[in-house]
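Undergrad: The structure's right below; bear with me while I get my questions together.
The values are calculated or read from the model by the stated rules, or taken from the named source; none is laboratory data. In this text, all values refer to a predicted model and were calculated from it rather than measured experimentally. Every residue, glycine as well, gets a Cβ built from its backbone with ideal geometry; the counts of neighbours run over all protein chains shown. Protein only, heavy atoms only, side chains kept; ligands, DNA and RNA dropped before computing areas. Shrake-Rupley method; radii C 1.70, N 1.55, O 1.52, S 1.80 Å.
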Amino acid sequence: MRLFAAVLPPEDVVHELAAEIAKLKQLPGAERLRWTNRPGWHFTLAFYGEVDEAVVPDLSTRLGRSAHRTSPFPLALRGGGQFGRGQVLWVGADGDLPALRLLADRTEAAAVKSGVPMGEHRRYLAHLTVARSRDSVNARPYVETLKTFTSRTWTVAELHLVRSNLPRSGVAGEQPRYETVARWALGGAG
């Protein structure tokens, strides 16, 4: 299974982001970008890649512990940026970013202790991908527009283990399908 740990924004914040994305899609050149869809909007904490099903129970137990040891925290969508030369456009985060980074570190450690190869550790940068391009794109107008975007603040109260089902049809523009396979309340609440 192709898996990752994530924080998902609540539906009303997703609606706010959708309104902002609609503005971005009106900018010149927006048709050159492949825009992600609402079901795919999430903050990846740790990407695990293909995980053997035999490892999932231990990984799940460890992720549950990681969630239990992390208190709920405030988060909002705010601003944005790019990776590469405009090949990835993202929306950033605001709120208790140290708590988000700590949860990301814990989800990575859970994988390592479960035997999931994680590769080189990188400092976590909170981002929610909204568009991609195979080619270099001048992302400056999009990043400038995102500077003023801030969603309402919500309390992150759950950690999700998500399965990513990659497109198989070969149809241009088809998006991966995401399915939450497990979730845990933060701080042992709920």
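Undergrad: Counting only residues that are in contact with a strand residue (DSSP E or B) (Cβ under 7 Å, 6 or more places away or on another chain), modelled with pLDDT of 90 or more and hydrophobic (A, V, I, L, M, F, W, C), which one in the range 1-16 is most open to solvent (accessible area, probe 1.4 Å)?
TA: So, considering only residues that are in contact with a strand residue (DSSP E or B) (Cβ under 7 Å, 6 or more places away or on another chain), modelled with pLDDT of 90 or more and hydrophobic (A, V, I, L, M, F, W, C), the one most open to solvent (accessible area, probe 1.4 Å) is LEU8.
Undergrad: Given the options LEU128, LEU97, name the one that is surrounded by fewer than 18 Cβ atoms within 10 Å (Cβ to Cβ), aliphatic (A, V, I, L, M) and closer than 28 Å to GLU16 by Cβ.
TA: The unique qualifying residue is LEU97.
Undergrad: Hey, another quick one. Filter the range 1-20 for residues that are of a type in the set (Gly, Ala, Ser) and either farther than 29 Å from VAL116 by Cβ or without any contact (Cβ under 8 Å) to a residue 24 or more places away in the chain (or both) and give the result.
TA: ALA18, ALA19
Undergrad: Please specify each residue of the range 17-28 satisfying the condition of being of a type in the set (D, E, K, R) and surrounded by fewer than 16 Cβ atoms within 10 Å (Cβ to Cβ).
TA: The initial filter retains those residues of the range 17-28 that are of a type in the set (D, E, K, R), namely 20, 23, 25.
Those that are of a type in the set (D, E, K, R) and surrounded by fewer than 16 Cβ atoms within 10 Å (Cβ to Cβ): LYS23, LYS25.
Undergrad: Among the numbered criteria (1) open to solvent by 10 Å² or more (accessible area, probe 1.4 Å); (2) within 19 Å of the chain's Cα centre (by Cα); (3) modelled with pLDDT under 95, which one does GLU31 miss?
TA: (2)
Undergrad: I want to confirm something. Restricting to the range 164-190 and keeping residues that are at pLDDT 85 or above and open to solvent by 80 Å² or more (accessible area, probe 1.4 Å), which single residue is farthest from the chain's Cα centre (by Cα)?
TA: Out of the qualifying residues, it is ARG183.
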